[in-house]
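Worksheet: one structure, shown below.
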Amino acid sequence: MRRYGKHTDEDDIRTRPGRRNTRPRTNIRPKHEDAAEGLVLTVDRGRLTCLVEDRVVMAMKARELGRKAAVVGDRVALVGDLTGKKDTLARIVRIEERTSVLRRTADDDDPFERVVVANADQLAVVTALADPEPRPRLIDRCLVAAYDGGLDPLLVLTKSDLAPPEKLLELYGDLDIPYVVTSRAELESGVAVARVREQLDGKITAFVGHSGVGKTTLVNALVPEEQRRSTGHVNAVTGRGRHTTTSALALPLSGGDGWVVDTPGVRSFGLNHVDPSRVIHAFPDLEPGTEGCPRACSHDEPDCALDAWVAEGHADPARLYSLRRLLATRERKEGD
Ligand SMILES: Nc1nc2c(ncn2[C@@H]2O[C@H](COP(=O)(O)OP(=O)(O)OP(=O)(O)O)[C@@H](O)[C@H]2O)c(=O)[nH]1
Ligand SMILES: [Mg+2]
Ligand SMILES: [Zn+2]
């Protein structure tokens with residue numbers, strides 16, 4: 001697990017240019033030097049579950065944090081009752097600087113961006129090979145969010161007992177993005193767990209994907225049961241009697257130093273917050289072909305060099321189609 005950064009409250013002390021030192025010193029907030037370090041494991045309506053040393057502590061945001069919201073994966077400073085005993089409540093007085101931020105909006109029109117997970121190193125984009133059907137456009141969108149937020153992507157293709165992975169691997173297998181394929185039998189035998197584990201050790205990995213693709217099944221296989229119970233996994237039963245995850249939850253990998261973050265299934269992955277010029281980074285197979293583009297090319301215009309480059313056989317035309325479609329929906333805000 002990464003060490004926490006040095007504590008300062010300097011960001012919070014507002015100084016007006018030219019008027020420095022005019023504020024009485026007593027207005028400067030105490031630094032909470034005695035605050036404990038914690039990791040946010042879950043957030044549920046203003047109540048945050050934090051790991052402080054080896055204790056699970058309930059906490060709420062201190063008023064001085066204002067509108068800043070702590071999310072799963074945040075490193076925070078806590079004061080107050082840190083015993084973790086029943087009915088105690090600590091206060092979060094500071095959110096440490098984030099190393100990465102996975103953001104999404106409900107759809108491309110939605111100006112309200114939510115931070116799904118903070119400080120994750122890796123984004124596991126989980127896709128079922130069937131039930132539900134794979135949606136490459138959702139994968140592309142998750143990859144854009146990963147690159148934009150500073151997370152390394154990992155593709156996890158589940159349910160290979162129901163459908164073969166070849167078609168998807170044609171699209172994503174050559175992208176230099178690590179991938180793993182899992183099946184029901186391999187999950188039960190532990191083979192799949194070992195394969196996924198190899199990609200997770202020492203990292204904080206957030207699992208995202210459509211509802212029902214098997215994120216929780218996989219995460220549960222990776223985490224010892226007592227850990228799951230002590231952190232209180234929030235689950236709901238769907239109309240069809242299936243369990244579905246209703247809030248993000250960070251869990252320690254069994255027997256290793258790494259964390260996995262299970263998240264609720266998504267229908268779409270809105271990218272309102274992502275600058276369109278950054279979308280190309282999620283298409284590493286196409287990026288070299290942009291060298292011949294005019295300056296500030298949107299890659300969705302007649303002079304774009306990608307058409308000729310792809311026609312020469314350097315990349316799969318389906319991938320250029322995906323890029324264009326994503327760019328078009330981003331610009332015209334049509335939804336996808
Ligand atoms: N056939 C098959 N079914 C699987 C596999 N992995 C998971 N499932 C099933 O798929 C269903 C959904 O699994 P979950 O792990 O709850 O899916 P999820 O992605 O967490 O879903 P949400 O929490 O709603 O986002 C369950 O009935 C699992 O038993 C697999 O490899 N093969
Ligand atoms: Mg789930
Ligand atoms: Zn271009």
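Give the shape of segment 117-214 as rounded, prolate or oblate, defined through the alpha-carbon gyration tensor: a ≥ b ≥ c are the square roots of its eigenvalues, a/c under 1.5 means rounded, and otherwise the shape is prolate if a/b is larger than b/c and oblate if not. In terms of gyration-tensor shape, oblate. Couplings 3J(HN,Hα) of segment 272-289, computed from phi: 3, 7, 8, 5, x, 5, 8, 4, 4, 4, 7, 10, x, 6, 9, 3, x, x Hz, in residue order, whole Hz [Karplus 6.51 cos²θ - 1.76 cosθ + 1.60, θ = phi - 60°; x for Gly and Pro]. Rolling a 1.4 Å probe across all protein chains gives Cys297 an accessible area of roughly 20 Å².
Suppose accessible area is computed on protein heavy atoms with a 1.4 Å probe; arrange Lys215, Lys167, Lys61, Lys85 from highest to lowest. Intermediate values should be presented prior to the final figure.
Values: Lys215 10, Lys167 170, Lys61 70, Lys85 135 Å².
Descending order: Lys167, Lys85, Lys61, Lys215.
Under a Cβ-Cβ cut-off of 15 Å, what is the net charge of the residues other than Thr182 that fall near it, where Lys and Arg count +1 and Asp and Glu count -1?
Values: positive: Lys159, Arg184, Arg195, Arg197, Lys215; negative: Asp131, Asp161, Glu186, Glu188, Glu198.
That works out to 0.
Annotation: amide H-H contacts under 5 Å for Ala128 (H modelled 1.01 Å from N, sequence separation of 5 or more, or interchain): Thr158.
Going down the list Lys167/Lys215; Lys61/Lys86; Lys68/Lys215; Lys61/Lys85, which pairs span over 26 Å between their C-alpha atoms? Intermediate values should be presented prior to the final figure.
Details: Lys167/Lys215 21 Å; Lys61/Lys86 18 Å; Lys68/Lys215 29 Å; Lys61/Lys85 18 Å.
Lys68/Lys215, as the Cα separations exceed 26 Å there.
Neighbours of Thr263 by Cβ distance under 12 Å: Lys/Arg scored +1, Asp/Glu scored -1, total +2. Taking GluC sites (Glu not before Pro) across segment 266-336, the ones in a DSSP loop with at most 16 further Cβ atoms lying within 10 angstrom of their Cβ are Glu312, Glu334.
Order Asp54, Asp201, most accessible first, counting only protein heavy atoms with a 1.4 angstrom probe.
Values: Asp54 130, Asp201 75 Å².
Per-residue accessible area, sorted high to low, gives Asp54, Asp201.
Shown in residue order for segment 162-169 are the 3J(HN,Hα) couplings computed by the Karplus curve 6.51 cos²θ - 1.76 cosθ + 1.60 at θ = phi - 60°: 9, 7, x, x, 3, 4, 5, 5 Hz (x for Gly and Pro). Per-residue surface analysis assigns Arg319 an accessible area of about 0 Å², computed on protein heavy atoms at 1.4 Å probe radius. Residue by residue, segment 116-126 carries 3J(HN,Hα) couplings of 7, 8, 10, 6, 6, 8, 9, 10, 8, 8, 9 Hz when phi is fed to the Karplus relation 6.51 cos²θ - 1.76 cosθ + 1.60 (θ = phi - 60°); x denotes Gly or Pro. Each label was represented as a point 7 Å from its Cα along the Cα-to-Cβ direction; for Glu133 and Arg295 these points are 4.5 nm apart.
The values are calculated or read from the model by the stated rules, or taken from the named source; none is laboratory data. Bear in mind the structure is a predicted one, so any value in this text is a computation, not a measurement. Neighbour counts are summed over all protein chains in view; Cβ atoms, including those assigned to glycine, are modelled from backbone coordinates with ideal geometry. All accessible areas refer to the heavy atoms of the entire protein, side chains included, with ligands and DNA or RNA removed. Shrake-Rupley method; radii C 1.70, N 1.55, O 1.52, S 1.80 Å.
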